[in-house]
Amino acid sequence: MGERVVVGRRRILVILGTRPEAIKLAPIIHQIRQAPDLEGVVCVTGQHREMLDPALAFFQVQPDFDLNIMQPDQSLYEVTAHAIQRLEDVITRVRPDWVVVQGDTTTTLMGALAAYYARVPVAHVEAGLRTNDKYAPFPEEMNRRLTSHIADVHFAPTERARQNLLREGIDPEAVFVTGNPVIDALLWAVQRVQAAPTWVDPRVRDRLESESRRVILVTAHRREAFGEGLREISRAVRDLAIRHPDYVFVWPVHLNPNVRRAVVEVFRSHRPDGDGGNVWLLEPVDYPTLVWLLNRSYLVLTDSGGIQEEAPTLGKPVLVLRDVTERPEGVEAGTARLVGPHYERIVQAVEDLMTDAEAYAQISRAVNPYGDGRAAERIVHVLASYSPRSNPARTSGSAG
């Protein structure tokens, strides 16, 4: 391909497919659309549907392309094939100067690969997170690693993430430590929910507003916990609720049938949702309701990567229901503890924080290492000015 000439604004194609991607990319999309020298185009694959659309509505993001690839109980093979096939047409039509992807989903990897096939530079947001176990989290760890070796610029949320990339041979000049835009999104969302509580699902808000007991929020959905891991988490929650009726355990249960089967199996003979019950198994909640629940919680049990970053911003201790995490900064800073999907460790850690006020205060006051709320601003500044060296045929310029 011949040398491209800079004409007008840089066109940035942002590709996303799941709710976490929408949350973390929304601040970047808004920054792009406010920048006079950039043109933003948004493509959603629809890898997740029910949870993605409300997040887009909340953040006022209107996609330019919606590939709607989701199928019931779809396999990784199907998601991968549908995404790469449909993205070819979008990239051909948009002819972007940059493709931006985020994190570790199948959409992330396929977005990066589709851009690479078209010789379009790739920017990877939340780059450099590693567990160094390619099967945990699965398939996210390999999605991240492969995307790193396709990307032309890397937005690392922390210095540790930057060092991970450098150890893998990534050009230091292509790595920028920006913080994580999930903090930008969270701070904006907290303000919006406080200003307009109607964003919160009234079925959840009305029930909890009259609740005097402390709330423990539970979320679990990782593939590596399917089966016995999720059953152990469920048994731990069930038994903690029985032992501690002065706490309420709120669990929005993920839509994945593998998650639901395990939870239902454990709670089938235990009716937690009746009058006076203290385990509330909810349908998945939208993002503003999740933010409200986080702010209302005393403690969080989760295997979610994003919540490991969000909860400490609100001063909420996190027990991570995973054996390894690609976010060790929180564990090192004291905002989170690894307990894995293991009954005894979960029960012990929860009861320690219930009974030891000093330990609870220590973890809830630890400084969040993941950002200051200005990550999107830093990322968009780089997108507007940086030219990758790896492909001089497509360094910059309008595609028009």
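The values are calculated or read from the model by the stated rules, or taken from the named source; none is laboratory data. For clarity, every value in this text was computed on a predicted model and none was experimentally measured. Glycine gets a Cβ as well: all are built from the backbone with ideal geometry, and neighbour counts include every protein chain shown. Surface accessibility is based on the protein's heavy atoms, side chains included, excluding ligands, DNA and RNA. Shrake-Rupley method; radii C 1.70, N 1.55, O 1.52, S 1.80 Å.
Take every Cα pair under 8 Å in the chain that's 6+ residues apart, average their separations, divide by the length, and report that relative contact order as a whole percent.
Reported relative contact order: 19 percent.
Return the single residue from 125, 285, 204 with maximal mean-square fluctuation; model: Gaussian network over the chain, springs between Cα atoms under 10 Å.
204
Please provide three numbers in whole Å: the alpha-carbon extents of the range 246-348 along the principal axes, with the largest listed first.
39, 28, 27
In the range 280-400, what percent of the accessible surface is made up of carbon and sulfur (1.4 Å probe, ligands and nucleic acids excluded)?
Here carbon and sulfur together make up 49 percent of the probe-accessible area.
Relative to the compact-globule scaling 2.2 N^0.38 Å, provide the ratio for the alpha-carbon radius of gyration of the range 194-236.
1.65
Starting from the Cα gyration tensor of the range 153-258, take the square roots of the eigenvalues, sort them a ≥ b ≥ c, and report rounded, prolate or oblate (rounded when a/c is under 1.5, otherwise prolate if a/b is larger than b/c, else oblate).
Here the range 153-258 falls in the oblate category.
Mind putting a number on the dipole of the chain about its Cα centre? Charges go on the C-beta only, +1 for Lys and Arg and -1 for Asp and Glu, and I need it in Debye to the nearest 20.
So the magnitude is around 440 debye.
For the range 1-134, with all protein chains present and a 1.4 Å probe, just round the carbon and sulfur fraction of the accessible area to a whole percent. The partial results should precede the final answer.
On the way: 2760 of 5540 Å².
Carbon and sulfur together cover 50 percent of it.
At 1.4 Å probe size, with every protein chain present, just tell me what the per residue accessible area of the range 91-166 comes to in Å².
Spelled out: the 1.4 Å probe surface of the range 91-166, per residue, equals 32 Å².
Calculate log10 I(q)/I(0) of the chain for q = 0.06, 0.10, 0.13, 0.14 Å⁻¹, where I(q) comes from the Debye formula with a single equal point scatterer on each Cα and nothing for solvent.
Calculated log10 I(q)/I(0) at the listed q: -0.23, -0.64, -1.07, -1.24.
Who wins for biggest fluctuation among 279, 291, 347 in a Gaussian network model of the chain, springs between alpha carbons below 10 Å?
347
So how strong a dipole does the range 26-97 carry about its Cα centre when Lys and Arg Cβ are +1 and Asp and Glu Cβ are -1, to the nearest 20 debye?
Using only the charged Cβ atoms, the result is roughly 80 debye.
So which chymotrypsin sites (Phe, Trp or Tyr not before Pro) in the range 91-184 are both in a DSSP loop and have at most 16 other Cβ atoms within 10 Å of their Cβ?
Values: sites: 98, 116, 117, 135, 155, 176; in loops: 135.
Sites meeting the loop and neighbour criteria: 135.
Quick one: if the Förster radius is 35 Å, what FRET efficiency do residue 71 and residue 198 give, using the C-beta to C-beta distance and rounding to 0.05?
The calculated FRET efficiency here is 0.60.
Defining a contact as two alpha carbons under 8 Å apart and six or more residues distant in sequence, what relative contact order in percent does the range 146-254 show?
Reported as a whole number, the value is 22 percent.
Tell me which of 114, 324, 135 sits at the most positive position along the dipole axis of the chain, charges placed on C-beta atoms (Lys, Arg +1; Asp, Glu -1).
114
Add -39500 (n - 2.57) for each DSSP H run of 4 or more in the chain, then divide by its residues: what number comes out at 222 nm, to the nearest 500 deg cm²/dmol? The partial results should precede the final answer.
Values: 16 runs with 180 residues, N = 400.
That calculation yields -13500 deg cm²/dmol at 222 nm.
For residue 134, tell me the accessible area in Å² from a 1.4 Å probe, rounded to the nearest 10.
100 Å²
Quick one: which of 243-254, 189-200 comes out on top by average Cβ neighbours within 10 Å, and what's the full order, highest first?
Put in order of decreasing packing, that is 243-254, 189-200.
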